[in-house]
1. Which residues, taken from the range 154-182, are open to solvent by less than 10 Å² (accessible area, probe 1.4 Å) and not aliphatic (A, V, I, L, M)?
2. Would you pick out the residues in the range 107-121 that are open to solvent by 10 Å² or more (accessible area, probe 1.4 Å) and within 18 Å of the chain's Cα centre (by Cα)?
3. Could you tell me whether G254 is open to solvent by less than 20 Å² (accessible area, probe 1.4 Å) and either assigned to a helix (DSSP H, G or I) or not aliphatic (A, V, I, L, M) (or both)?
4. Could you grab me the full set of residues in the range 62-89 that are closer than 23 Å to D253 by Cα and either open to solvent by less than 20 Å² (accessible area, probe 1.4 Å) or part of a loop (DSSP other than H, G, I, E, B) (or both)?
5. Please go through (1) under 26 Å from E234 (Cα atoms); (2) at pLDDT 75 or above for L46 and return the number of the only condition it doesn't satisfy.
6. Please go through (1) more than 17 Å from the chain's Cα centre (by Cα); (2) under 21 Å from A128 (Cβ atoms); (3) open to solvent by less than 30 Å² (accessible area, probe 1.4 Å); (4) at pLDDT 95 or above for A275 and return the number of the only condition it doesn't satisfy.
7. If you check S200 against the conditions, is it exposed (fewer than 14 other Cβ atoms within 10 Å of the Cβ) and modelled with pLDDT of 95 or more?
Amino acid sequence: MQVIRGFPARLGALLLPGALLMALPQSAAATAQVKPDTTLAGLERLTHRRVFFGHQSVGGNILDGVRGLLPSPNPAAPAIVEVKDANATIPPGTLAHAFVGQNEQPETKLAHFERLLDGGVAKQVDVALMKFCYIDFTSSTDAKALFEKYRTTLAGLKSRHPGVTFVHVTAPLTTVQRGAKAWFNELRGRPVYGVGENVSREAFNALMRQTYGGKEPLFDLAALESSRADGTRETYEVNGRAYPALVPAWSDDGGHLNAQGQARVASALIAFLAALPEAPASAKAGP
């Protein structure tokens, strides 16, 4: 664990009240490798479902990971199709996706996701999920306000579209700058890459886990990203508290997922989606 000193004044305003700060999660999904047989079974099960995924670049990384898992020439896998029109036809066995909103403007991602679902996508799918990107969070992001906007939007969608299973996704992380450069930046009072931003991301993610964990489907992307293959965690310390960071082995640029990270997250996501229970027939959206 890296200890970041000299940060109390800069990060004090970011720290959540004690009641909202949670221990770093140690879920099975974050610490266990998904077996190849489980992945293949999950891909086959998803050939009977229609999934819609709203995202930007890290979501694209995850989909690249899914493509890498697709068996060939075995057809027992979902088709990955980009959706640009809310009225697009999404047949069973489709992992539909769209690039939603603008990076660094998370509210636009929520609005676009909502608009697509209300505009017709919800009638075409069984499962829907969206994720923010790491770049949507700065050291000054009001995580509580953003989460409240997210919670309100998803509650409205769930009410209007009872036949859709909505999956919540924690915000992805970045690595934390280390070594001489980090020390020099800290000495000069300059931000150390990833430190303040990951505090904001963890504040948002803590609210996601507190609100939805064990109650509604929650895919903990941040926990996966901050867990090494052996289950140990990549963390750093601010003001005596541990915060998660992206494992450097899962990224080549400190934020996006490399081939290893893509495969890790994609296999976990496929297993997660395949394990979701079917929605009651009475609640199913029309074709």
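The values are calculated or read from the model by the stated rules, or taken from the named source; none is laboratory data. Just so you know, these numbers come straight off a predicted model, no measurement behind them. Note that each Cβ is placed from the backbone with ideal geometry, even for glycine, and that neighbours are counted across all protein chains shown. We work out accessible area using only protein heavy atoms, side chains counted, and drop any ligands, DNA or RNA first. Shrake-Rupley method; radii C 1.70, N 1.55, O 1.52, S 1.80 Å.
1. G163, H168, T170, P172, T174
2. Residues satisfying the conditions are E107, T108, A111, H112, E114.
3. In short, yes.
4. Of everything in the range 62-89, those that are closer than 23 Å to D253 by Cα and either open to solvent by less than 20 Å² (accessible area, probe 1.4 Å) or part of a loop (DSSP other than H, G, I, E, B) (or both) turn out to be I62, L63, G65, V66.
5. Every listed condition holds for L46 apart from (1).
6. Looking at each condition in turn, A275 falls short on (3).
7. It is false that S200 is exposed (fewer than 14 other Cβ atoms within 10 Å of the Cβ) and modelled with pLDDT of 95 or more.
Residues checked against (1) over 25 Å from A98 (Cβ atoms); (2) in contact with a Cys (Cβ under 7 Å, 6 or more places away or on another chain); (3) at pLDDT below 95; (4) in a helix (DSSP H, G or I):
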| position | (1), (2), (3), (4) |
| --- | --- |
| F132 | no, no, no, no |
| T153 | no, no, no, yes |
| G156 | no, no, no, yes |
| P162 | no, no, no, no |
| H168 | no, no, no, no |
| L173 | no, no, no, no |
| Q210 | yes, no, no, yes |
| E216 | no, no, no, no |
